[in-house]
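Engineer: Structure provided below as structure tokens; questions to follow.
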Amino acid sequence: MKKVFLLISLGMVFLTHNFAQENQQQSGTNVYSFFVNVVNESFRFPLFGFVNIARGSHNLPQIGFINWNHNDFSSLQLGFVNTVGGDMTGLQWGFVNTSAGAFHGFQVGFVNTVAQGNMQGLQLGFINTAPNGFDGAQVGFVNVARRINGVQFGFINYGDSIENGIPIGFLSYVRKGGFRAVELSVNELAYMNFAFKTGVERFYTSLNVSWNPETDWGYSLLAGIGFGTHIPINNKFFLNPELTTMSNMGIGNTHLQYYSFAPNFGFRITHNFSVLIAPAITWVHSGNTDGEVSETFFALYNHEINSNNNLLIGGRLAIRFQW
């Protein structure tokens, strides 16, 4: 029903726009009915109506269900669908916000797009796109930009290149200048661990899987997520602290959750290959009151806090390939 309503509204805009073009070519007058408003560039009053169409450039607010400004715009667009055909300075607040040219200000909505020019400011929405790049911040579920100079904060972040910024999310990918790596390791929980890391060196996400065949089936397979940062010391050595959480995903009678911190110390063998070693501290929590902590691969220290919580001190040894 919403789609039908939107199509009808867009059809009304199209018909009204064509009618207004013919009318203005003949008489040069403005149409202001508070339902459908069609005005020329010389019009100097805010637009309040269901559909607002402004030809030329304007700098006064447009408030309605659909707001459409043909050229440059410098003010507020508040509506369900907001569109500017040129450059914009100000605020777009609606379900779908689009600026064809450069954008300076704020876009707040479900889908925000700066189609051709650079975006300077904030995009806050479910999907944010800036094909020519942005200086500022994108906050949403999916953030896409050609050039990142600022912060992307979302579940999925994509950038073609990065200048001076950082993507923060569950899965971040930067094609040029990003960080991607696969890693095989041994730790206190299991001797077979695989991780895929993606993001930038300043902040990346790690997707992890561990397997310890020596334990019961319910505890042998673990999966989780981690976050880390890469701190260079010189051309060969670096620090790489990581926080990781792992779970047996509810397999078996007891749900187990692991929270680990490892201040990894790395040595770069080649441009792509590195080895890392670190001590690690792990808190193991059992979700059941009658649960028990599964056997670990090894532990330098294992302290039982109570029947549901253990504190382990172990170690990590890993080899990493990055590109």
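The values are calculated or read from the model by the stated rules, or taken from the named source; none is laboratory data. Only a predicted model underlies this, so the values are computations on that prediction, with no experimental measurement involved. FYI the Cβ positions are ideal-geometry reconstructions off the backbone, even for glycines, and counts take in every protein chain you see.
Engineer: So in region 142-155, with the set limited to residues that are hydrophobic (A, V, I, L, M, F, W, C) and more than 11 Å from ASN128 (Cβ to Cβ), which one is surrounded by the fewest Cβ atoms within 10 Å (Cβ to Cβ)?
Structural biologist: Only one residue tops the list, namely PHE155.
Engineer: Return the pair list, or none, for Cβ contacts closer than 6 Å from residues in region 46-75 that are in the same structural domain as GLY101 (by TED's automatic domain parsing) to residues that are crowded, with 17+ Cβ neighbours inside 10 Å and of a type in the set (Asp, Glu), at least 6 apart or on different chains.
Structural biologist: Here the result reads SER57/ASP72; ASP72/ASP87, each pair linking region 46-75 to a residue that is crowded, with 17+ Cβ neighbours inside 10 Å and of a type in the set (Asp, Glu).
Engineer: Restricting to region 168-183, name every residue that is closer than 15 Å to ASN240 by Cα and of a type outside the set (Val, Ile, Thr).
Structural biologist: Hits for region 168-183 are PHE179, ARG180, ALA181, GLU183.
Engineer: If you check VAL84 against the conditions, is it assigned by TED's automatic domain parsing to the domain that holds PHE48, among the hydrophobic types (A, V, I, L, M, F, W, C) and more than 30 Å from PHE273 (Cα to Cα)?
Structural biologist: Criteria met by VAL84.
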